[in-house]
1. Select from the chain the helices, each a whole stretch of DSSP H, whose alpha-carbon atoms run 27 Å or more along the helix axis and whose Kyte-Doolittle mean is at least 0.0; answer none if there are none.
2. Place a +1 charge on the Cβ of each Lys and Arg in the chain and a -1 charge on the Cβ of each Asp and Glu, then give the dipole magnitude about the Cα centre in debye, rounded to the nearest 20.
3. Would you mind calculating the relative contact order of the chain from Cα pairs under 8 angstrom and at least 6 residues apart, reporting the percent as a whole number?
4. Would you be so kind as to identify which of Y113, P85, V63 lies farthest towards the positive end of the dipole of region 62-118, taking Lys and Arg as +1 and Asp and Glu as -1 on Cβ and the Cα centre as origin?
5. To two decimal places, what compactness ratio does the chain give when its Cα radius of gyration is scaled by 2.2 N^0.38 Å?
6. Looking at the chain, identify the longest residue range that excludes and avoids all chymotrypsin sites (Phe, Trp or Tyr not before Pro) in DSSP loops having at most 10 other Cβ atoms within 10 Å.
7. Below 22 Å, Cα to Cα, which lysines can K67 reach? Residues fewer than 8 away in the same chain don't count.
8. Would you please give the residues with an amide H less than 5 Å from that of Y98, counting only those at least 5 places away or on a separate chain, with H modeled from the backbone geometry?
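Readers should treat all values here as calculations from the given coordinates under stated rules, not as data from a laboratory. Keep in mind that what you see is a predicted model, and the values were worked out from it rather than measured. Note: ideal-geometry Cβ built from the backbone for every residue, glycine included; neighbour counts use all protein chains shown.
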Amino acid sequence: MIVVFAVFAAIAAVIYLFYETVHAEVVETRIVSERIRSELKIVQISDLHGRTRFWTGTIGDIVDSLKPDIVCVTGDLFNRLDQLPEVMRELSRLECEYLFFVPGNHEREERKYGIRRKFSEEEFVRVLREIGVRKMRVLANEGELIEVKRSDVYVYGFDNSLYGRERYAAAQDDTEGAFRLMLAHSPGIMSWLDKRSIGYDLLLAGHTHGGQIRLFGKPLGPYGRYHTGLKEVAPGRFAYVNRGLGTVHLPFRIGCRPEISLIRVTPLR
């Protein structure tokens, strides 16, 4: 009897871990801004680590169903470099016109058979070139001014794939009055921006996986100091930390399902 119970308990645990790891959730939040004229839908995906298919559908199917105006991918597309072509095939399916990417630490290394190999700077550049070869716009310490639904949006992406790589170059275009959307892989960029008094309306980051394992709503590991989801860090200034889609180190999630975030930015009436 004990053996039977143990077998059923083990099966239940495996099913639970599988469900928590492959059941991607769309998490929707809303902010208000006086800088836009009509509602914008911004979708963020992060930390794929080679995973493109979920119980709820493929990344392309889920994201396209949301009909986003802007899609932001905040790094860590793969664990192994040989996963990148399949990831890019899936991301190239996205129908959104404005698709932006910023590099994470896993664009600088791969983990194969438990062995970590760091890329040379030349390999890193080749990886970014492969990511940007289709319609993805790679932003590594640079920005782009776009017009979406009659609203000006200044999108700036940081390269904090290694700490200390971040640079901010003031916009050459006239961005006065534009909605300032900033992208980075690590949420550590928040303190970097604060120290330099660099303003933004919305910052999107990932990297933490929300802890990947959360017990009683609290993440295990070193990322407990960062919030998960949306936070108003100052009046009219928001930061969203996405808990990611894939896994690293451990091949499962607990209490921290994969996330695709949808942020609706609505005008101040």
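1. 2-22
2. 660 debye
3. 28 percent
4. Y113
5. Cα-based Rg divided by the globular estimate yields 1.02.
6. 1-112
7. Counting by Cα, and skipping residues close in sequence, K67 has these lysines nearby: K41, K135, K149.
8. V71
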